[in-house]
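Each remark here refers to the structure printed beneath this line.
Please treat every number below as a calculation from the coordinates, not as lab data. What you see is a predicted model, and the numbers here were worked out from it, not measured in a lab. So basically every Cβ, Gly included, is an ideal-geometry build from the backbone, and we count neighbours across all protein chains shown.
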Amino acid sequence: MLGVVAGFDIGGTKISCVISDLSDKRIYRLAEATDSVSGPLDYTNEHSVYHGLAEQLERMLRVALIELGQPRLEAIGIVSAGPIRSGGLWSPPNIIPTGIVESHRELPRFIPLIDPLRDAFACPIDLLNDCNGAVLGEVYYGLGKGSADKSALHLAYATISTGFGVGAWDGGHLILGKDGNAGELGHIVAQENGLLCGCGNRGCVEAYCSGTGIVSNARKRLLALDEAERAMSTLYRRALIGDSQLASPSKIETILDNITPALVFEAAEEHDFVVQSVIDDAVLAAGVAFSAIANAYDPRIISVGGGIALAHPELLKPIQKEMLRHLNVDPPEVCVSPLGKEVTEHGAIAVARRLLDL
Ligand SMILES: [Zn+2]
């Protein structure tokens, strides 16, 4: 029986498992909801430890191998929303185990991945954060696919999705940093004392240019308006749909809970004055981050993916224009990733194949 490699793409809501044979043909794919409910939890004095995610990966992979007739598993590549540390995830903001006891809610959360999977499958395993994984996907299967000499490539990948992150490949090397968290440019400051970010700091790029940032900026701007002004906003009127009663001050927060990134972009098409400021803020913040990418890594091209960017490629031109305002190096090109939303799955397979020097 010939060998295979497995790749996992772990997100806050979904995990996919892809399998390729050693000639790099995809032969299997399975996706399921991320399970942060059913697995066992342990506690130390310093943190909680959630074992459920590794158990889910092990189960998905065992099912895959049985369905494929038990081929030999040569390597596993894991790409996940971070932060990553010590072979697992450390307090990832979008994977929060529900069963943590009340007294341990404030402690950091560790989700081990590499050790339990190595125990289960006895093969080489590596874990990268999603943007570093995505840039590998881009190098081997996307923009860099046709380049036989990967050491001649200088490219970066930026995601504008629930969050904002970056990965960079420079002349044959993935730039990882000591813990594998290099490229966390979503948390550089775009506006001093600005909006609160999911990381706990203020004014980060991600607080303005991400799905969560766009929604919370729109909320904040609508809350700052008086009732008459608010009624002029298309976004507010859309958030009100289905809500038959007049808004009392205490109810406004609940109405604003209806705002989604999709609703914001629908209102943008109708030239909503609140949304225009939200989009302008997002473009300004992304421009700061993209110029940081260019200044830090000097790539030839920045490939952009993530749900928000893929659904709204029209954002890239103004972001590029904003980036140019902050640069005096030869600017990189900016384009939408040709791999679309599959870039991280491709990255996971690339992580596994690199372990075998394929
Ligand atoms: Zn932040």
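Just how large is the dipole of the chain about the Cα centre, in debye to the nearest 20, putting +1 at every Lys and Arg Cβ and -1 at every Asp and Glu Cβ? Don't jump to the answer; show the numbers that get you there.
Values: 29 positive and 44 negative charges, 67 e Å.
Roughly 320 debye for the chain.
Taking the alpha-carbon centroid of each part, what is the distance from region 301-338 to region 180-239 in angstrom?
20 Å
Work out Dmax and Rg for the chain from the C-alpha atoms and quote the Rg first, both in angstrom.
Looking at the chain, its Cα Rg and Dmax stand at 21.5, 71 Å.
Can you spot the lysines whose alpha carbon is less than 30 Å from LYS321's alpha carbon? Ignore those fewer than 8 places along the same chain.
In chain and number order, the partners are LYS145, LYS150, LYS220, LYS341.
At 1.002 mPa s and 20 °C, plugging the Kirkwood radius over alpha-carbon pairs of region 208-358 into Stokes-Einstein gives what diffusion coefficient in µm²/s?
On the way: Rh = 17.5 Å.
Calculated translational D: 123 µm²/s.
What distance in nm separates the simple spin-label points at LEU324 and ILE175, each placed 7 Å from Cα in the Cβ direction?
Distance between label points: 2.3 nm.
About its Cα centre, what dipole magnitude does region 1-80 give when the only charges are +1 on Lys and Arg Cβ and -1 on Asp and Glu Cβ, stated in debye to the nearest 20?
320 debye
Can you give me the angle between helix 343-355 and the longest principal axis of the chain, using Cα atoms only, in degrees from 0 to 90, rounded to the nearest 10?
For 343-355 against the chain, the angle is about 30 degrees.
When the helix-only estimate is applied to the chain (DSSP H runs of n ≥ 4, each -39,500 (n - 2.57), divided by the residue count), what is the mean residue ellipticity at 222 nm, nearest 500 deg cm²/dmol? Walk me through the numbers before you get to the answer.
Working: 12 runs with 131 residues, N = 358.
It lands at -11000 deg cm²/dmol.
Using Cα-Cα distances under 8 Å and only pairs 6 or more residues apart, what relative contact order does the chain have, in percent?
Working: 728 pairs, mean separation 69.2, N = 358.
Taking the mean separation of contacting Cα pairs over the length of the chain, I get 19 percent.
Along the charge dipole of region 1-75, pointing to its positive end and built from +1/-1 on Cβ of Lys, Arg, Asp and Glu, which listed residue (ALA64, GLY52, THR13) has its Cα farthest out?
ALA64
Using mean Cβ contacts within 10 Å as the protection proxy, how do 300-310, 325-335 order, highest first?
300-310, 325-335
So the label point goes 7 Å from the Cα of THR13 along Cα→C-beta, right? Which residues of region 57-100 then have their backbone N under 13 Å from it?
Under 13 Å, as judged by backbone N against the label point of THR13, lies no residue of region 57-100.
Find the percent of Cα-Cα distances in region 162-296 that exceed 24 Å, and round it to a whole number. Could you put the intermediate results ahead of the total?
Details: 3410 of 9045 pairs.
Value for region 162-296 (Cα pairs over 24 Å): 38 percent.
Compute the signed sum of charges (Lys and Arg +1, Asp and Glu -1) over the other residues within less than 13 Å, Cβ to Cβ, of LEU195.
Values: positive: ARG202, ARG219, LYS220, ARG221; negative: GLU192, GLU206, ASP281.
Charge balance in the 13 Å sphere: +1.
Relative to the first principal axis of the alpha-carbon coordinates of the chain, what is the inclination of helix 130-141, with its axis defined by its Cα atoms, in degrees from 0 to 90 and to the nearest 10?
Between the helix axis and the principal axis of the chain, the angle is about 60 degrees.
Arranged by the count of other C-beta atoms within 10 angstrom, fewest first, what order do HIS47, HIS346 take? Working shown, then result.
Details: HIS47 15, HIS346 27.
With the sparsest Cβ surroundings first, the list reads HIS47, HIS346.
Let me know the charge dipole size of region 239-358 about its Cα centre in debye, to the nearest 20, where only the beta-carbon of Lys, Arg (+1) and Asp, Glu (-1) is charged. Each step should come with its number before you reach the end.
Numbers: 8 positive and 17 negative charges, 92 e Å.
With Lys and Arg at +1 and Asp and Glu at -1, about 440 debye.
Among 169-176, 182-189, what's the highest-first ranking by average C-beta atoms within 10 angstrom per residue? Write down the numbers at each step before the final one.
Details: 169-176: 15.6, 182-189: 21.2.
The packing order, highest mean first, is 182-189, 169-176.
How big is region 1-132 on each of its three principal axes, counting only the C-alpha atoms and giving the largest first in Å?
Computed over region 1-132, the largest-to-smallest principal extents equal 50, 27, 24 Å.
Please list 349-357, 136-144 highest first by mean number of surrounding beta-carbon atoms within 10 Å per residue.
Working: 349-357: 20.3, 136-144: 24.3.
Top to bottom by mean Cβ count within 10 Å: 136-144, 349-357.
Can you tell me how much longer the chain between ASP24 and LYS317 gets when fully stretched, taken as 0.36 nm per residue apart minus their C-alpha distance, in nm with one decimal? Show your work: numbers first, answer last.
On the way: separation 293, 0.36 × 293 = 105.48 nm, distance 3.49 nm.
Using 0.36 nm per residue and subtracting the Cα-Cα distance, I get 102.0 nm.
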